[in-house]
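Working notes for the structure below.
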Amino acid sequence: MSEAKPLLQIKGLKMHFPIYKGAFVRREVARVKAVDGLTFDVLEGETLGLVGESGCGKSTTGRAILQLYTPTEGEVIFRGEDLCKLDKATLHSRRKDLQMIFQDPYASLNPRMTVGDIIGEPLKVHKMATGNALLSRVQELMEIVGLDPRFVRRYPHEFSGGQRQRIGIARALTCNPKFIVCDEPISALDVSIQAQIMNLLEDLQREFGLTYLFIAHDLAAVRHISDRIAVMYLGNMVELATGEAMYDRPTHPYTRALISAVPIPDPEIEATRERIVLEGDVPSPLNPPSGCVFHTRCPFAWDRCKKECPQLKESEPGHFVACHLLDEPGREGALPPVDGNTTKQAVSASVDEE
Ligand code: SF4
């Protein structure tokens, strides 16, 4: 995977939502900094997991990459073109290659459309098929995702939650995309169904050479499916590494806290391992803290953290961390404070449970 070429290059991506006031003369009074300057690559054929607490900007990042939101600043390079600079017609034609699977299979399907119309809609929009060709492509896709093609004229309410998510996956596959943003695709499903959908996504990736950005707050789920993992906090990327490095050697204090919170079903290990408990809530993206945005909750913060925003730096090959502790190996909190074996056991135990 490390030799794979970037399929997408995201450079300095910002997504700020203005807040206006005034009944007659509207003026901008503030900005919600949902995504505040992300730079990373998505490699061809990989699954990049994107993790963080609710409201940290994960879903906004996925939508801004797909140009469902117009980014405030930055570039999204796909096959040599900056998607942010394309005119409407060109962007429309590129949308075939870049698709999304939504979190809520209940809300993301039009209840008045049949399954056939839902899955076939992208083919009509992009004028790729009509009539019998369209119907047979829809039925082929239904089979690929594990749905009975005889149900092509049924409506979404006639299917279970897991089946509806399969409809959403079939719709995303309709135009043979290269890249799919999976926006928490299993979090609204019963636990018993989650593993089936994860396995389906992995099978499809192998069969069709897909590249995923897999958004989740469930660390165990991300570990299971991801080649690399990126951790976000308050619109910023704080750590990016391979799944193995992330769980064996979590470096950013926020990542360490997230991983230390993964429960271990062995009471002996659970009782002895170190747990990092974060104080307070995530600050508002309307008024993010100065310097390192994590300094208000970081147990290791010092003066520099309040003044200076840390940049992502390579701590070992392919492992990037945004933390001043990297420059100060002797300081309290500098690595390695978390026992790698304990962490590994925590994660593998929780994956095995699925
Ligand atoms: Fe904590 Fe400072 Fe590192 Fe931010 S830069 S994570 S506040 S130690």
Leading residue at positive end of dipole, the chain (Cβ point charges), from Cys84, Gln205, Gly52
Cys84
Which value, in debye to the nearest 20, describes the size of the charge dipole of the chain about its Cα centre when Lys and Arg Cβ atoms bear +1, Asp and Glu Cβ atoms bear -1, and nothing else is charged?
1840 debye
With contacts defined as alpha carbon pairs under 8 Å and 6 or more residues apart, what's the relative contact order of the chain in percent?
18 percent
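Take the Cβ-Cβ distance between Glu75 and Leu286 as r, set R0 to 25 Å, and report the resulting FRET efficiency rounded to the nearest 0.05.
Calculated transfer efficiency: 0.45.
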Can you classify the stretch 82-228 as rounded, prolate or oblate using the Cα gyration tensor, where a ≥ b ≥ c are the square roots of its eigenvalues, rounded means a/c under 1.5, and otherwise it's prolate if a/b beats b/c and oblate if not?
oblate
Given Lys33/Lys96; Lys11/Lys58; Lys11/Lys33; Lys85/Lys124, the pairs whose alpha carbons are separated by over 20 Å
Lys33/Lys96; Lys85/Lys124
Any chance you could run the full-extension gain for Arg27 through Asn110? It's 0.36 nm times the residue separation minus the Cα-Cα distance, nm to one decimal.
26.3 nm
For the stretch 39-99 and the stretch 250-266, what is the separation of their C-alpha centers, rounded to whole Å?
29 Å
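Starting from the Cα-Cα distance between Ser192 and Glu308, subtract it from 0.36 nm times their residue separation and give me the gain in nm to one decimal.
37.2 nm
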Could you order the peptides 151-163, 109-121 from most to least packed, using the average number of other C-beta atoms within 10 Å per residue?
109-121, 151-163
Cross-link partners of Lys178 among aspartates and glutamates (Cα-Cα below 13 Å; sequence separation of 8 or more within a chain):
Glu44, Glu46, Asp97, Glu207
For the chain, set up a GNM with springs between Cα atoms under 10 Å and report which of Thr272, Thr296, Thr174 has the largest fluctuation.
Thr272
Residue with peak Gaussian network fluctuation, the chain [Cα springs, cutoff 10 Å], from Ser192, Ser290, Ser59
Ser192
The stretch 199-320 accessible area per residue, 1.4 Å probe, protein heavy atoms, integer Å², reads 45 Å²
If unit charges are put on Cβ atoms (+1 for Lys and Arg, -1 for Asp and Glu) and the dipole of the stretch 6-353 is taken about its Cα centre, the option from Ser315, Gln67, Pro253 lying farthest towards the positive end turns out to be Gln67
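Antiparallel as a % of all DSSP beta bridges within the chain, to the nearest 5?
65 percent
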If Rh is defined by the Kirkwood formula over all Cα pairs and Rg also comes from Cα, what ratio Rg/Rh do you get for the chain?
0.99
The stretch 274-321 to the stretch 151-213: how many Å between their Cα centroids?
35 Å
Which of Val42, Gly131, Ile193 sits closest to the plus end of the dipole of the chain, meaning its Cα is farthest towards the positive end, when Lys and Arg get +1 and Asp and Glu get -1 on the C-beta?
Gly131
Share of carbon and sulfur in the accessible heavy-atom surface of the chain [1.4 Å probe, %]:
49 percent
R0 of 45 Å, Cβ-Cβ distance Leu91-Glu244: FRET efficiency to nearest 0.05
0.75
Which angle between 0 and 90 degrees, to the nearest 10, do you get for helix 115-125 versus the longest principal axis of the chain when only C-alpha atoms count?
90 degrees
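The values are calculated or read from the model by the stated rules, or taken from the named source; none is laboratory data. Note that the coordinates shown come from a computational prediction; the quantities given were computed from them, not determined experimentally. With ideal geometry, Cβ positions are generated from the backbone for all residues, glycine too; neighbour counts draw on all protein chains shown. Quick note on the areas: whole protein, heavy atoms, side chains included, nothing else; ligands and nucleic acids left out. Shrake-Rupley method; radii C 1.70, N 1.55, O 1.52, S 1.80 Å.
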